[in-house]
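Chemist: Let me begin by handing over the structure; questions about it come next.
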Amino acid sequence: MGFTYELAKFLPFRDKEVCERVRAIKKEDITKHPNPEFKIRVIEDPNEFYTEFALDIVSRIKEAADAGRRFVGIFPVGPMPQYAIAAKLINKFRISCKHVHTFNMDEYADQDGNTAPADWPGSFQKAMMEQFFMQIDEDLRPPLSQIHFPTKDVIDSYGKMIEDMGGADVCYGGIGWCGHIAFWEAHLGFEFGDDLEAYKKAGPRCVELHPMTIMQNALHSFSGDWSWVPPKANTIGPAQIMGAKYRSFWLDGYIGGGVSWQRFIARLVAHGPVNTLVPGSLLQTAPGTYTILGGVADNVEIHMS
């Protein structure tokens, strides 16, 4: 017996036919895309997934050093396991990171736009310093002055700071439940309508987090406690992501037991229409890799067990 219904009203993207089409994409077909520069791949083993992520970071840092040029990277918080692996490789092979300049994608903020202090347990600054930068031996570590976060003090000039460095060599990231990239949320698309060119030029700002983002981050970072997730965040915009020379995105949203919160949105971002209500869809238009953990790439199905 058929059962039809409208999508929930809080969802920004509401094209039911598109949702049905991408939902039906099988795992064996998920890597197929008409843009050969947008390279989709699936890695089954989580250890291999994070090791490959770490190797991508370290190899780009070393290639820049060998070429005698600085490395400028945009980095996310989440997933995190790759950072400890990258730091271990840097230390083992004595790779100097004095030429490395990093810009974190985002940072939480309160209702008034005040960014989380670096010593707050949920702060992205704290996570990156403890799990990556401070794991690198001091004589190899980038100077602290070259490690940047989009705090309230610098958010208005954050885009220019990256631009003044010649743009990022690479932008790393993931995909949010609503399709966000960084904390550039799906509902921001209503501001731009169908004007993709204006959308691509949008830069850093403080944003209200979408309900799906609150729930997603509660799930994976705050023990399921949605009351603990801040209501806003400072974030880079499409201009910084699309302005990078390359994009390297990693999707690891697999909980286990056949459950993945990222399975559908991975498909909508990679195979749905490029539009302002699914921010990650912009990735289809530019050179980059889109690496999906096997459990995320599995078919979208109903599980009632």
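The values are calculated or read from the model by the stated rules, or taken from the named source; none is laboratory data. Keep in mind it's a predicted model, so treat the numbers as computed, not measured. In this analysis, Cβ positions are derived from the backbone assuming ideal geometry, glycine residues included, and neighbour counts consider all displayed protein chains.
Chemist: So which residues in the range 69-96 are assigned to a loop (DSSP other than H, G, I, E, B), out of contact with any helix residue (DSSP H, G or I) (no Cβ under 6 Å at 6 or more places or on another chain) and farther than 15 Å from Met165 by Cα, if there are any at all?
Modeler: Result: Pro76, Gly78, Pro79, Phe93, Arg94, Ser96.
Chemist: Quick check, is His271 out of contact with any Cys (no Cβ under 6 Å at 6 or more places or on another chain), touching a residue at least 24 places away in the same chain (Cβ under 8 Å) and closer than 20 Å to Tyr246 by Cα?
Modeler: yes
Chemist: Now a separate question. Out of everything in the range 102-134 that is touching a residue at least 60 places away in the same chain (Cβ under 8 Å) and polar (S, T, N, Q), what residue ends up being nearest to Tyr172 (Cα to Cα)?
Modeler: Among those that are touching a residue at least 60 places away in the same chain (Cβ under 8 Å) and polar (S, T, N, Q), it is Thr115.
Chemist: Let me ask something additional. So, in the range 137-187, exactly how many residues are of a type in the set (Ser, Thr, Tyr) and either in contact (Cβ under 8 Å) with a residue 60 or more places away in the chain or part of a loop (DSSP other than H, G, I, E, B) (or both)?
Modeler: 3
Chemist: Let me ask you something else. Among the residues of the range 71-92, which ones are among the aromatic types (Phe, Trp, Tyr) and more than 16 Å from Phe149 (Cα to Cα)?
Modeler: Phe71, Tyr83, listed by residue number.
Chemist: Quick one: which residue in Leu89, Leu7 is over 21 Å from Thr235 (Cα atoms), exposed (fewer than 14 other Cβ atoms within 10 Å of the Cβ) and either among the polar types (S, T, N, Q) or modelled with pLDDT of 95 or more (or both)?
Modeler: Leu7
Chemist: How many residues are under 16 Å from Lys160 (Cβ atoms) and of a type in the set (A, V, I, L, M) when one looks only at the range 220-240?
Modeler: 2
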